[in-house]
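The values are calculated or read from the model by the stated rules, or taken from the named source; none is laboratory data. Fair warning: this is a prediction, and the values are worked out from it, not measured in the lab. Cβ sites come from the backbone with ideal geometry, for glycine too, and all protein chains shown count toward neighbours.
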Amino acid sequence: MFIPTFWFVFFTSFLIAIFLIDPDKIPFLGSFGFRISYVIGYLIFAAFLYFTVIQLLRVDMGADKIYVSNYFKTFTYQYEDIEKIKEENYIIFKLITIKLKSKGSLGQKITFIPSYRNYEFFLETHPQLFAHLKEV
């Protein structure tokens, strides 16, 4: 969550600054074309961050429950509530999507980027928690 927070703070501050400066002192930053271009670019990238990075959740797996956080609130789910787990392996990271049997507080799909070694270790040491998924 550091990158989106840093991006929003820095580029929002710059957005405010380009509208507060006197166009006569710094003509390029105060020009109408630059301001419009910056606002459009800002909105496009903000939407990109919102629909990709900010939608990722924090997931902690315990011996009895799965803990899912949106960084403001943490919700717990039983392993029996999981319908399926989908793993997408990209070159530099793995994306995990957990689909719940019914809609939970954070929706029906939980998407996160795991710590690869911890995730694999947990799956190997707790296979009984995911045994019901092999039947689906």
Of the listed residues (VAL53, VAL9), the one being of a type in the set (A, V, I, L, M, F, W, C) and either surrounded by 15 or more Cβ atoms within 10 Å (Cβ to Cβ) or touching a residue at least 24 places away in the same chain (Cβ under 8 Å) (or both) is VAL53
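Taking the range 60-71, which residues are under 11 Å from the mean Cα position of the chain (by Cα) and either assigned to a strand (DSSP E or B) or free of Cβ contacts under 8 Å to residues at least 24 places away in the same chain (or both)? Full working, then the answer.
Step one: filter the range 60-71 for residues under 11 Å from the mean Cα position of the chain (by Cα), giving 69-71.
Of everything in the range 60-71, just one residue is under 11 Å from the mean Cα position of the chain (by Cα) and either assigned to a strand (DSSP E or B) or free of Cβ contacts under 8 Å to residues at least 24 places away in the same chain (or both), namely SER69.
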Of the conditions (1) modelled with pLDDT of 90 or more; (2) closer than 30 Å to PHE10 by Cα; (3) not small (Gly, Ala, Ser), the single one that GLN55 does not satisfy is (1)
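Quick grid of which residues meet (1) closer than 19 Å to PRO4 by Cβ; (2) among the small types (Gly, Ala, Ser); (3) out of contact with any strand residue (DSSP E or B) (no Cβ under 6 Å at 6 or more places or on another chain):
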residue	(1), (2), (3)
PHE34	no, no, yes
LEU49	yes, no, yes
THR52	yes, no, yes
LYS86	no, no, no
SER102	no, yes, yes
THR111	yes, no, no
Of the residues in the range 85-110 that are among the polar types (S, T, N, Q) and over 17 Å from LEU133 (Cβ atoms), the one that is surrounded by the fewest Cβ atoms within 10 Å (Cβ to Cβ) is ASN89
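Is it fair to say PHE75 is touching a strand residue (DSSP E or B) at 6+ places or on another chain (Cβ under 6 Å) and in a helix (DSSP H, G or I)?
no
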